[in-house]
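To keep things clear, I will list the structure first and then write my remarks on it.
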């Protein structure tokens, strides 16, 4: 329950900012459709996306499936009803109210999808078991002296080339030692 309170609190904060944005951006009484889209519908979709994303991230490990969807829809649907009652933004028709609810569902669905995709946990990832050593991405462990050819996903050229062979025919060898004559190379 504590997770839900945190998730809903973050969604309510996003909702408060969204209502403030809609009040400030409220379009004049013009028939300009682009003005209506950019000042009302786009901010509302973005706000619902952020509300759905906030709840989705908070409830990532606590809820799955329909309970998570219902938890994510609670605040945006309440905000949509509250905005309709308060007239934020003013809607002149029933079609505008229905469109607002569709935008809410769309924004929350995209927010939940982004929360699922961006808040991956270690158990979700298919990480091969590697030898113990230094920690890398996603808890992978590699020894500091692991050769390039043994790394997972190493290019075939790195796996096929012997370690001390020159990169190309006629390529210069290692640099001369400090103080050696220009033609001297160590054996």
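The values are calculated or read from the model by the stated rules, or taken from the named source; none is laboratory data. Note that the structure is predicted; figures quoted are calculated from it, not measured. Cβ placement follows ideal geometry from the backbone for every residue including glycine, while neighbour counts extend to all protein chains displayed.
Per-residue answers, yes or no, for (1) at negative phi; (2) surrounded by fewer than 21 Cβ atoms within 10 Å (Cβ to Cβ); (3) more than 20 Å from the chain's Cα centre (by Cα):
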{"position": "9", "(1), (2), (3)": "yes, yes, yes"}
{"position": "24", "(1), (2), (3)": "yes, yes, yes"}
{"position": "29", "(1), (2), (3)": "yes, yes, yes"}
{"position": "34", "(1), (2), (3)": "yes, yes, yes"}
{"position": "37", "(1), (2), (3)": "yes, yes, yes"}
{"position": "46", "(1), (2), (3)": "yes, yes, no"}
{"position": "50", "(1), (2), (3)": "yes, no, no"}
{"position": "68", "(1), (2), (3)": "yes, yes, no"}
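Only one entry of 11, 16 meets the criterion of being at pLDDT 90 or above, assigned to a helix (DSSP H, G or I) and touching a helix residue (DSSP H, G or I) at 6+ places or on another chain (Cβ under 6 Å), and that entry is 11.
Keeping to segment 89-116, report how many residues are crowded, with 19+ Cβ neighbours inside 10 Å and farther than 21 Å from residue 6 by Cα.
Of all residues in segment 89-116, those crowded, with 19+ Cβ neighbours inside 10 Å come to 89, 100, 103-104, 107-108, 111-112, 115.
Those still in the list that are farther than 21 Å from residue 6 by Cα too: 89, 100, 103.
Residues meeting the conditions: 3.
Looking only at residues in segment 71-84 that are farther than 17 Å from residue 110 by Cβ and without any contact (Cβ under 8 Å) to a residue 60 or more places away in the chain, which one is surrounded by the most Cβ atoms within 10 Å (Cβ to Cβ)? Restricting to residues being farther than 17 Å from residue 110 by Cβ and without any contact (Cβ under 8 Å) to a residue 60 or more places away in the chain, the top hit is 84.
For the residues 90, 43, the requirement of being over 14 Å from residue 115 (Cα atoms), in contact (Cβ under 8 Å) with a residue 12 or more places away in the chain and in a helix (DSSP H, G or I) singles out 43. Among the conditions (1) buried (at least 21 other Cβ atoms within 10 Å of the Cβ); (2) part of a loop (DSSP other than H, G, I, E, B), residue 54 misses just one, which is (2).
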